[in-house]
1. Could you please find all residues in the stretch 1-31 being modelled with pLDDT of 85 or more, assigned to a loop (DSSP other than H, G, I, E, B) and either at positive phi or not aliphatic (A, V, I, L, M) (or both)?
2. Does Phe127 satisfy the condition of being aromatic (Phe, Trp, Tyr) and within 26 Å of Lys180 (Cβ to Cβ)?
3. Within the stretch 160-205, can you find the residues that are within 15 Å of Lys145 (Cβ to Cβ) and among the basic types (Lys, Arg)?
4. Scan the stretch 122-130 and tell me whether some residue there is at pLDDT below 95, surrounded by 18 or more Cβ atoms within 10 Å (Cβ to Cβ), under 11 Å from the mean Cα position of the chain (by Cα) and farther than 18 Å from Ile203 by Cβ.
5. Filter the stretch 32-43 for residues that are of a type in the set (Gly, Ala, Ser) and modelled with pLDDT under 95; which is nearest to His202 (Cα to Cα)?
6. Given the criteria within 24 Å of Tyr169 (Cα to Cα), of a type in the set (Gly, Ala, Ser) and in contact with a Gly (Cβ under 7 Å, 6 or more places away or on another chain), does Gly39 qualify?
7. What is the residue count in the stretch 181-215 for residues that are modelled with pLDDT under 95 and under 17 Å from Gly125 (Cα atoms)?
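The values are calculated or read from the model by the stated rules, or taken from the named source; none is laboratory data. All values reported here derive from a predicted model rather than from experimental measurement. Positions of Cβ are generated from backbone atoms using ideal geometry, with glycine treated the same way; all protein chains shown enter the neighbour counts.
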Amino acid sequence: MNEFIYPYDINLNLAHIQTKLAEKVIKKDLSSNIDKVVGVDVSFSRDERAVAAAVIIQVKNLTIIEESTKEVEISFPYIPGFLGFRESDAVISVLNDLKHDYDAIMINGHGILHPRGFGLASQVGLFLDKPTIGVAKRLIVGNLKKGDESSDRSVLLHNKISGALVNGYYVSVGHKISLKKAVNLVKETSIFKTPEPIIKSHILATQTYKKIIKQ
């Protein structure tokens, strides 16, 4: 039976897809050894041109193994709660251009800490079948658990721990990783507040885009 409604309500139909795919997200560690983490970010323009950037970081010494950028066209509009449909193709395309292997993906966006448990990090992780971590600057759903302000704070969603506040960032499972491991990797790859895979990919995307628009 077709559960989609005609005339199509794009928000309703995409929400249905997210809810169904969220059931496929794996929230436990399937890999015991993560040595290389790739950070991904996307820099946008007003005319929907964008640059996706990926930077692979060695966890033990935080050195850069590889950098890659890709100019892309973004056709899907910005709709709150549906960032995965807007940015996942750009993120996946630049990851597919990498020559080196990596063990986990760190994405500037939410994982399961999402109204339907399926943010950008989960969408990319599920599609690529890779351990993925969501790292976001703001909370779009859920509540901070009361506790010691000086330590990591859990984020509750539907009375379940679905994320953690680490150094001012909301960390959540994207796919194929536990929250504990995700939090540890964010800490291990952070020199200051922002984890290196995220800040390095953000800087690379922004700098590359500035060069492009000057051409």
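1. Scanning the stretch 1-31 gives Glu23, Lys24, Lys27, Lys28, Asp29.
2. yes
3. Lys160
4. Looking through the stretch 122-130, none of the residues is at pLDDT below 95, surrounded by 18 or more Cβ atoms within 10 Å (Cβ to Cβ), under 11 Å from the mean Cα position of the chain (by Cα) and farther than 18 Å from Ile203 by Cβ.
5. Going through the qualifying residues, I end up with Ser43.
6. Considered against the rule, which asks whether it is within 24 Å of Tyr169 (Cα to Cα), of a type in the set (Gly, Ala, Ser) and in contact with a Gly (Cβ under 7 Å, 6 or more places away or on another chain), Gly39 comes out as no.
7. 0
Rundown of residues vs (1) assigned to a loop (DSSP other than H, G, I, E, B); (2) touching a residue at least 24 places away in the same chain (Cβ under 8 Å); (3) out of contact with any Phe, Trp or Tyr (no Cβ under 6 Å at 6 or more places or on another chain), yes/no style:
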residue	(1), (2), (3)
Phe118	yes, yes, yes
Gln123	no, yes, yes
Gly134	no, yes, yes
Lys146	yes, no, yes
Gly163	no, yes, no
Tyr170	no, yes, yes
Ile177	yes, yes, yes
